[in-house]
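Inspection log for the structure reproduced underneath, given as structure tokens.
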Amino acid sequence: MTDPSDPPVVRIDPPEMLRQGAPAAVLAALPGARAVGGAVRDALAGRPVHDVDVAAPLPPDAIAARLREAGLKVFETGLQHGTVTAVLNREPVEVTSLRRDVLTDGRHATVAWTEDWREDAARRDFTINALSMDGEGRIWDYFGGREDLAAGLVRFVGDPATRLAEDYLRLLRFFRFHARYGRGAPDAAALTAIRAAIPGLARLSAERVWMELKRLLEGTDPAPTLELMRESGVLQAVLPEAGCVAAVARLGAPPDPVLRLAVLLNGAGGAEHLIRRLRLSGDEAKRLRTLLAVPAPAPETSGDDLRRLLADVAPPIATDLAWAAEAWDGRDRAALRRRIADTPAPVFPLQGRDALELGISPGPAMGRALAEARRWWWEGGCTASASACRTMLRHAAGLQ
């Protein structure tokens, strides 16, 4: 319920996402419900609002019943945490009961339902995430989040050490939010608590750590925050392989977490331990291995070498390699990137059926002969014709 002693502090025009579709239907169906967290923060900051999360002073079963009565589909996606997902016209909105923590262990929390908005806001991580807004644009701010957002200050709700002990992932979230919203010096009390809480990072799953690192690396300019993480000892704890942060600052490519990770590793090979430790996806691991294993192209790369590169890796990867090499050594490769874009990727002109037509029997010997013919084609700059490659294939198979 709304406490009359806590009136809304300001009213703004609610973002368009709150006035239509599933979010509007959810707010209309739940008395006293409000949008919470990122939607409110970004609306106040003048940033695009992409997702709306809603909280309501009702228990989960009452929330689900009212949503169904209003014609929305309801999926019990996190019922043990008081969360359901409402869907209207394929648009999902997460709806959570107001909660208070009963027990926390640094990774998980046992919660109880409450009707007290201030109590719910008090369990959130940062003041800028503890804001709530109703469908009319009235905003409640219990801990000074509006002022912190305007000042570019990421500050924990209440005691930083307590917030971190409740969930050590907040340690990494602090840096991600500082990279996105922070300006000037970070909150000193937060950094003091973070340094003391670093051992707690070992209790987090690899997936949660990589999720936060990836979101940070996707940001507009993560290099200053990465340096802050290094100064506070956090970067060494979660990414001991990290090399020169300055290389990330020099990287001019569009935001890409895997490319930035490769640059942060400073061109060093041996990414397998990191891939296993952070449990990168198959596609992420494949890209990272390639970016670290393939020699970086020089600005003056010859036509033959450029074709060899494009025969081995897809053009987007070749472009990434040029960006990474420029970040590592500071030598401009804009012209090389244009050449990569303008050069068709060579394709070895022979396949197994060509070998069969030449009378080569299927089996390991055929594979070796095709590999030798391709190596000859590659070493020659990937320009030999199909006819010339067939001649080489016959020679490699010992047929002439």
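Counting only helices (runs of 4 or more DSSP H) that fall entirely inside segment 281-400 and contain at least 2 residues that are more than 41 Å from the chain's Cα centre (by Cα), the qualifying elements are 352-357, 364-379, 386-396.
How about segment 1-60: which of its residues are crowded, with 20+ Cβ neighbours inside 10 Å and of a type in the set (Lys, Arg)? Correct list: Arg34, Arg41. Exactly one residue among Arg331, Arg287, Arg337, Arg308 is loosely packed, with under 15 Cβ neighbours inside 10 Å, closer than 30 Å to Pro257 by Cα and in the same structural domain as Leu259 (by TED's automatic domain parsing), and that residue is Arg331.
How many of the residues in segment 345-369 are in contact (Cβ under 8 Å) with a residue 24 or more places away in the chain and not small (Gly, Ala, Ser)?
Final tally of qualifying residues: 10.
Give me a count of the residues in segment 261-280 that are part of a loop (DSSP other than H, G, I, E, B) and of a type in the set (Lys, Arg). Count: 1. Figure legend. Inter-residue proximity from segment 377-392: first residues at positive phi, second residues of a type outside the set (S, T, N, Q) and part of a loop (DSSP other than H, G, I, E, B), beta-carbon distance below 7 Å, spacing 6+ or different chains. Indicated pairs: Cys382/Pro346. As for segment 55-63, it holds at least one residue that is free of Cβ contacts under 8 Å to residues at least 12 places away in the same chain and small (Gly, Ala, Ser).
Of everything in segment 72-113 that's modelled with pLDDT of 90 or more and within 30 Å of Ala189 (Cβ to Cβ), which residue is surrounded by the most Cβ atoms within 10 Å (Cβ to Cβ)? Within segment 72-113, the match that is surrounded by the most Cβ atoms within 10 Å (Cβ to Cβ) is Leu98. When the residues of segment 120-146 are filtered to those that are closer than 17 Å to Ala28 by Cα and among the charged types (D, E, K, R), the one that is nearest to the chain's Cα centre (by Cα) is Asp134. None of Ala262, Ala246, Ala285 is among the small types (Gly, Ala, Ser) and touching a residue at least 24 places away in the same chain (Cβ under 8 Å) except Ala262. The condition (being in contact with a Gly (Cβ under 8 Å, 6 or more places away or on another chain) and charged (D, E, K, R)) is satisfied by just one residue among Arg146, Arg180, Arg138: Arg180. Taking each residue of segment 22-35 that is assigned by TED's automatic domain parsing to the domain that holds Asp51 and looking for partners that are of a type in the set (Ser, Thr, Tyr) with beta-carbon atoms closer than 6 Å, six or more apart or interchain, yields Arg34/Ser132.
Would you call Pro346 out of contact with any strand residue (DSSP E or B) (no Cβ under 8 Å at 6 or more places or on another chain) and surrounded by 14 or more Cβ atoms within 10 Å (Cβ to Cβ)? Yes. Looking at segment 160-179, is at least one residue surrounded by fewer than 17 Cβ atoms within 10 Å (Cβ to Cβ), under 25 Å from Asp221 (Cα atoms) and either aliphatic (A, V, I, L, M) or in the same structural domain as Thr225 (by TED's automatic domain parsing) (or both)? No: zero hits. Listed by position, the helices (runs of 4 or more DSSP H) enclosed by segment 85-202 that each have at least 2 residues that are free of Cβ contacts under 8 Å to residues at least 60 places away in the same chain, touching a helix residue (DSSP H, G or I) at 6+ places or on another chain (Cβ under 8 Å) and small (Gly, Ala, Ser) are 188-197. Inspection of segment 354-369 finds no residue satisfying the criterion of being closer than 30 Å to Thr319 by Cα and not assigned by TED's automatic domain parsing to the domain that holds Leu310. Out of Arg279, Arg308, report the one residue that is in contact (Cβ under 8 Å) with a residue 60 or more places away in the chain and more than 24 Å from Val248 (Cβ to Cβ). Testing whether each residue is in contact (Cβ under 8 Å) with a residue 60 or more places away in the chain and more than 24 Å from Val248 (Cβ to Cβ) leaves just Arg308.
The values are calculated or read from the model by the stated rules, or taken from the named source; none is laboratory data. Everything quoted here is computed from the prediction, not taken from an experiment. With ideal geometry, Cβ positions are generated from the backbone for all residues, glycine too; neighbour counts draw on all protein chains shown.
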